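Undergrad: This structure is in structure tokens; I'll ask about it shortly.
The values are calculated or read from the model by the stated rules, or taken from the named source; none is laboratory data. Computed from a predicted structure; not experimentally measured. Quick reminder, even Gly has a Cβ in these numbers, built from the backbone with ideal geometry, and neighbours come from all protein chains shown.
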Amino acid sequence: MPRRPRRTFTAEFKAKVVLDLLAGHTTPAEVCRKHQLSPSLVALWKTAVLERLPTVFRDNDRHTADADRIAELERLVGQQALELSALKKASPWSGGTPPAGGRS
């Protein structure tokens, strides 16, 4: 009997299956029969969701802190670009060609 090729499941499909289980809409046996899944695979998905559930709300706080840090760094980069531009204008050395009458 030829072996069936390995199936891959999207994150959306896994989430839908686990949410159906957690909400009580279907039993694990019904889900396994309907989608031809092994009970251990469904249990693995459910365990993964339950372990990562507390981090859903923690990531929001981290995202806000990251966004604040990015805004601060962008402000610093803009300030340094402005300072560099002013220093280039004030500098006698143009960085390009040497002065016409002088030696380098």
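Undergrad: Could you tell me how many of the residues in the range 26-58 are of a type in the set (D, E, K, R) and surrounded by 11 or more Cβ atoms within 10 Å (Cβ to Cβ)?
TA: Summing the residues that are of a type in the set (D, E, K, R) and surrounded by 11 or more Cβ atoms within 10 Å (Cβ to Cβ) in the range 26-58 gives 4.
Undergrad: Please verify whether the range 3-14 includes one or more residues that are among the acidic types (Asp, Glu) and under 18 Å from the mean Cα position of the chain (by Cα).
TA: Step one: list which residues in the range 3-14 are among the acidic types (Asp, Glu), which gives 12.
Now narrow it down to the ones that are under 18 Å from the mean Cα position of the chain (by Cα): 12.
There is at least one residue in the range 3-14 that is among the acidic types (Asp, Glu) and under 18 Å from the mean Cα position of the chain (by Cα).
This table checks each residue for (1) of a type in the set (Lys, Arg); (2) assigned to a helix (DSSP H, G or I); (3) touching a residue at least 12 places away in the same chain (Cβ under 8 Å).
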position	(1), (2), (3)
Ser40	no, yes, no
Ala43	no, yes, yes
Glu51	no, yes, no
Phe57	no, yes, no
Thr64	no, yes, no
Arg69	yes, yes, no
Glu72	no, yes, no
Val77	no, yes, no
Gln80	no, yes, no
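Undergrad: While we're here: Of the residues Thr97, Thr55, which single one is at pLDDT below 85 and more than 34 Å from the chain's Cα centre (by Cα)?
TA: The unique qualifying residue is Thr97.
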